[in-house]
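Shown next, in structure tokens, is the structure this report addresses.
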Amino acid sequence: MGGLFTGIALRAAGHDVDVFERASDGLQSRGAGIVAQSNVREFLETHGIAPPKTLTTTTSRRQYLNRDGSVARDLTERMAFTGWDALYRELRDAFPDARYHTGRRTVDVDPGDDRAVLTFEGGSTVRADLAVVAEGGRSTTRDRLVSGVEPDPAGYVAWRGVVPEGDLPDGVRETFDDVFVFYEGEDELILGYLIPGPEGGTDPDERRLNWVWYDDVGGESDRRRLLTDEGGESNEFSVPPGRLRPEVSAELLAAADDRLPSVFADLVAATDDAFVQTIYDLTVPEMRFGRVCLLGDAAFVARPHTAAGTAKAAADGDALADALDTGGDEPRIEDALRKWSSDRVDEGRRLVEQGIRMGEGYIG
Ligand SMILES: Cc1cc2nc3c(=O)[nH]c(=O)nc-3n(C[C@H](O)[C@H](O)[C@H](O)COP(=O)(O)OP(=O)(O)OC[C@H]3O[C@@H](n4cnc5c(N)ncnc54)[C@H](O)[C@@H]3O)c2cc1C
């Protein structure tokens with residue numbers, strides 16, 4: 001996402017941009033929901049990608065449930081949501097195929113004072129006035145730029161899933177109609193909202209219900225067990241949809257039945273391909289290294305409670321395009337990049353701290 005937001009913003013500002021993506025056969029969606037923050041909606045509109053009301057579902061209320069399913073609190077709040085798959089497809093379609101190079105894994109970067117050199121698996125290189133590393137939280141190229149930056153696990157996980165609206169059990173659809181619904185238990189929080197279908201459709205027969213259950217699953221050994229997938233592979237940070245072991249899926253269902261209001265337990269039970277990710281924080285000291293910039297999750301990962309990941313990637317890219325619009329000579333570009341890094345580092349730190357505070361409030 002960060003690579004595409006930045007590529008689109010830089011192209012619109014007149015720059016000559018190529019995107020290099022390590023995946024060779026398209027990105028497999030995790031199919032899950034994203035809060036469509038206003039800057040993302042503005043980005044889509046400004047760049048002629050999608051008018052504001054398409055691609056998004058909305059709610060006008062937030063409700064907190066009691067364990068028995070009754071409403072504990074009902075607040076007026078307007079929110080907009082989208083789906084990762086639909087948003088990614090729109091951004092990808094807005095970037096020219098000829099400049100989007102798949103199967104190109106970066107293995108090294110040389111950040112010079114007036115140019116950057118990227119090296120790809122297989123040994124080919126690309127020289128550019130500016131390289132942007134938008135490799136996500138597990139970026140390996142980041143290690144070539146700054147040492148000692150590691151994801152810092154928060155000690156809890158997010159179980160996630162989506163269910164087509166047409167497959168929802170009786171009573172579930174009504175609960176989520178126009179409402180962003182939460183349940184806070186002891187050391188856990190589950191929330192759900194409707195998102196567009198995989199193609200971005202927002203009609204009731206196209207939408208999906210997205211849920212996220214933050215759960216303090218116990219100690220390190222419990223987490224390690226949950227993160228071992230059905231192929232027996234021990235994953236460090238997540239198990240993708242369809243890869244949970246059957247016994248883990250059964251535990252998830254039993255826990256939902258035992259601990260959640262029935263509307264959420266029914267929702268979890270109706271989910272075919274639940275998945276799990278560990279929650280972690282990540283911060284870098286700076287985002288600019290000569291003519292190389294780090295952005296999006298490669299620079300800062302704020303906990304999902306902030307609903308900031310995609311919006312931050314878009315804002316980083318937009319701000320970079322604005323910063324480079326100096327109309328000036330080399331020294332001004334260096335100053336612009338330095339200022340961009342300083343501003344975006346401040347914002348990244350603020351969001352990471354906000355995520356930690358929110359997580360501690362929910363999970364204890
Ligand atoms: C396949 C996928 C599905 C996702 N689904 C969801 C979702 O459903 N809900 C949600 O909230 N968030 C999801 N996310 C995360 C969300 O996209 C990011 O948190 C946010 O948009 C910030 O984007 P980013 O560009 O910084 O990182 P990412 O979106 O993680 O993108 C990083 C990209 O860099 C590529 N890459 C990594 N290393 C290299 C390398 N060495 N060389 C070349 N390319 C490399 C990756 O293949 C990936 O395409 C998903 C991410 C991915 C990659």
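The values are calculated or read from the model by the stated rules, or taken from the named source; none is laboratory data. Note that the structure is a prediction, hence the values are computed from the model and not measured. We place every Cβ from the backbone using ideal geometry, glycine too, and count neighbours over all the protein chains shown. For the accessible areas, the whole protein counts, side chains as well, though only heavy atoms, and no ligand, DNA or RNA atoms are used. Shrake-Rupley method; radii C 1.70, N 1.55, O 1.52, S 1.80 Å.
Only a single item in (1) more than 30 Å from residue 119 (Cα to Cα); (2) within 15 Å of the chain's Cα centre (by Cα) is not met by residue 64, and it is number (2).
Only one entry in 203, 215, 152 is open to solvent by less than 70 Å² (accessible area, probe 1.4 Å) and either among the acidic types (Asp, Glu) or free of Cβ contacts under 8 Å to residues at least 24 places away in the same chain (or both), namely 215.
What strands (runs of 3 or more DSSP E) completely inside the range 72-141 contain at least 3 residues that are within 27 Å of residue 324 (Cα to Cα) and near the ligand (Cβ under 10 Å from one of its atoms)? Those strands (runs of 3 or more DSSP E) span 106-111.
Taking the conditions exactly as written (surrounded by 21 or more Cβ atoms within 10 Å (Cβ to Cβ) and not in a strand (DSSP E or B)), does residue 147 satisfy them or not? Taking the combined requirement at face value, the residue does not satisfy it. From the list 65, 55, 91, 10, the one residue that fits, being touching a Pro at 6+ places or on another chain (Cβ under 7 Å), surrounded by 14 or more Cβ atoms within 10 Å (Cβ to Cβ) and at pLDDT 95 or above, is 65. Checking each residue in the range 150-159 for being assigned to a loop (DSSP other than H, G, I, E, B) and either within 14 Å of the ligand (Cβ to nearest atom) or of a type in the set (A, V, I, L, M) (or both) picks out only 151. Residues of the range 305-325 that are within 12 Å of the ligand (Cβ to nearest atom) and in a loop (DSSP other than H, G, I, E, B): 307, 308. Within the set 97, 74, the sole residue that is loosely packed, with under 15 Cβ neighbours inside 10 Å and either within 15 Å of the chain's Cα centre (by Cα) or in contact (Cβ under 8 Å) with a residue 12 or more places away in the chain (or both) turns out to be 74.
Count of the range 335-364 residues, restricted to those that are more than 23 Å from the chain's Cα centre (by Cα) and either at pLDDT 90 or above or buried (at least 17 other Cβ atoms within 10 Å of the Cβ) (or both), is 5. With respect to the conditions (1) out of contact with any helix residue (DSSP H, G or I) (no Cβ under 6 Å at 6 or more places or on another chain); (2) open to solvent by less than 40 Å² (accessible area, probe 1.4 Å); (3) more than 14 Å from residue 21 (Cβ to Cβ), residue 109 falls short on a single one, namely (1). Out of (1) outside the structural domain of residue 292 (by TED's automatic domain parsing); (2) at pLDDT below 95, what's the single condition that is false for residue 97? Going through (1) outside the structural domain of residue 292 (by TED's automatic domain parsing); (2) at pLDDT below 95 one by one, residue 97 breaks only (2). Name the single residue that is farthest from the ligand (Cβ to nearest atom) among those in the range 13-36 being open to solvent by less than 60 Å² (accessible area, probe 1.4 Å), over 24 Å from residue 274 (Cβ atoms) and under 20 Å from the mean Cα position of the chain (by Cα). If we take residues in the range 13-36 being open to solvent by less than 60 Å² (accessible area, probe 1.4 Å), over 24 Å from residue 274 (Cβ atoms) and under 20 Å from the mean Cα position of the chain (by Cα), then 19 is farthest from the ligand (Cβ to nearest atom).
Here's a check for you: in the range 268-304, which residue that is away from the ligand (no atom under 12 Å from the Cβ) and assigned to a helix (DSSP H, G or I) is surrounded by the most Cβ atoms within 10 Å (Cβ to Cβ)? Checking each candidate, the answer is 268.
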